[in-house]
């Protein structure tokens, strides 16, 4: 019998507690990237994605993520970030910025908003001004900049790695 | 002065020692996915990517990763994996499989090959038979399956997180 065999329809290990992570995206250039982010959120059990501008989901990319994730579309991010901060979320931008911390050693708060910038312009100053912290994935080579959906997936993974059984209850 | 400001051309933190990580891809359906993998490898300082079949890189996606990463194209993976194993690499598949370990708690060997399967069929038995270990990203929701390039990027990130200063010398 082979040591490893492919399991095509492995039941997911759903976390006991729901994840208190929200992913908030600035207006993206690419529906492909936003759709990939929605797919990744679905896979990791993240239920809430905020998008801005003319947000459209390609279901061929997002797959069932398009059904399991609630997508809220807003005009701009700053007012939404203000409300989430008032609700007790830590607002964490993904960006190469002054004052950023390496994601390798970044300890997430259970109640977190991950903020993803536009592919070209990144996070802009009104968004940066709302952040509590900035996480940065250390780059070691060219092109020195990951794809936006890849960056988001890595940060979501890192959050879930720190809370493998779901987000602890906030008291 | 704002607390966080975007740094557009931040110099990369190149690891002191080169990374002893190889990324080996089965024949992929999509040049887009392979190109994204090459881009992520470039960003994380991974110098060697193995691809199979009719491998083509879209430089608009891979960006400068297409120049900084050496892409070796082979007909099939198993003979290459045999040679890498003889060279002392631990061969780690990314798959939902029997005997897989969660990537959340997976300790990588410094000298590692990450093996990425085809988007539809995953890793096939001749490839699975060459693996020392299988790492699996725990899924918590629909569609229960991440995009292949996203999976690869997360595993590369996790390896780099464990060896932030580059791979230690193998003695």
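The values are calculated or read from the model by the stated rules, or taken from the named source; none is laboratory data. Just so it is clear, the structure is predicted and the values come from calculations on it, not from any experiment. As a convention, Cβ positions derive from the backbone with ideal geometry for all residues, glycine included, and neighbour counts pool all protein chains shown.
In the stretch A:36-51, is there at least one residue being buried (at least 16 other Cβ atoms within 10 Å of the Cβ), more than 14 Å from every other protein chain (Cβ to nearest Cβ) and modelled with pLDDT of 95 or more? Yes, because at least one residue in the stretch A:36-51 is buried (at least 16 other Cβ atoms within 10 Å of the Cβ), more than 14 Å from every other protein chain (Cβ to nearest Cβ) and modelled with pLDDT of 95 or more.
Please go through the stretch A:112-140 and give me each residue that is touching a strand residue (DSSP E or B) at 6+ places or on another chain (Cβ under 7 Å) and free of Cβ contacts under 8 Å to residues at least 40 places away in the same chain, ordered by number. Correct list: A:122, A:128, A:138.
Of everything in the stretch B:141-171 that's surrounded by fewer than 21 Cβ atoms within 10 Å (Cβ to Cβ) and without any contact (Cβ under 8 Å) to a residue 40 or more places away in the chain, which residue is farthest from the other protein chains (Cβ to nearest Cβ)? Among residues in the stretch B:141-171 that are surrounded by fewer than 21 Cβ atoms within 10 Å (Cβ to Cβ) and without any contact (Cβ under 8 Å) to a residue 40 or more places away in the chain, the one farthest from the other protein chains (Cβ to nearest Cβ) is B:171.
Regarding residue A:83, is this residue modelled with pLDDT under 95, more than 9 Å from chain B (Cβ to nearest Cβ) and not in a loop (DSSP other than H, G, I, E, B)? For residue A:83, the condition - modelled with pLDDT under 95, more than 9 Å from chain B (Cβ to nearest Cβ) and not in a loop (DSSP other than H, G, I, E, B) - is not met. In the set (1) under 25 Å from residue B:8 (Cα atoms); (2) more than 12 Å from the chain's Cα centre (by Cα); (3) surrounded by 14 or more Cβ atoms within 10 Å (Cβ to Cβ); (4) within 14 Å of chain B (Cβ to nearest Cβ), residue A:76 fails one condition alone, (4). Exactly one residue among B:99, B:88, B:107 is part of a loop (DSSP other than H, G, I, E, B) and within 8 Å of another protein chain (Cβ to nearest Cβ), and that residue is B:99. Would you confirm whether any residue within the stretch B:85-92 is crowded, with 22+ Cβ neighbours inside 10 Å and within 22 Å of residue A:161 (Cβ to Cβ)? The answer is yes; a qualifying residue exists. Go through the residues of the stretch A:114-133 one by one and say whether even a single one is under 17 Å from residue B:155 (Cβ atoms), at pLDDT 95 or above and at the interface with chain B (Cβ under 8 Å from one of its Cβ atoms). No, the stretch A:114-133 contains no residue that is under 17 Å from residue B:155 (Cβ atoms), at pLDDT 95 or above and at the interface with chain B (Cβ under 8 Å from one of its Cβ atoms).
The set of residues in the stretch B:110-122 that are more than 14 Å from the chain's Cα centre (by Cα) and buried (at least 19 other Cβ atoms within 10 Å of the Cβ) contains only B:122. Look at the stretch B:63-89: where a residue is at negative phi and in contact (Cβ under 8 Å) with a residue 12 or more places away in the chain and a partner is exposed (fewer than 14 other Cβ atoms within 10 Å of the Cβ) and in a helix (DSSP H, G or I), sitting 6+ places away or on another chain with Cβ atoms under 7 Å, you get B:66/B:59; B:78/B:126.
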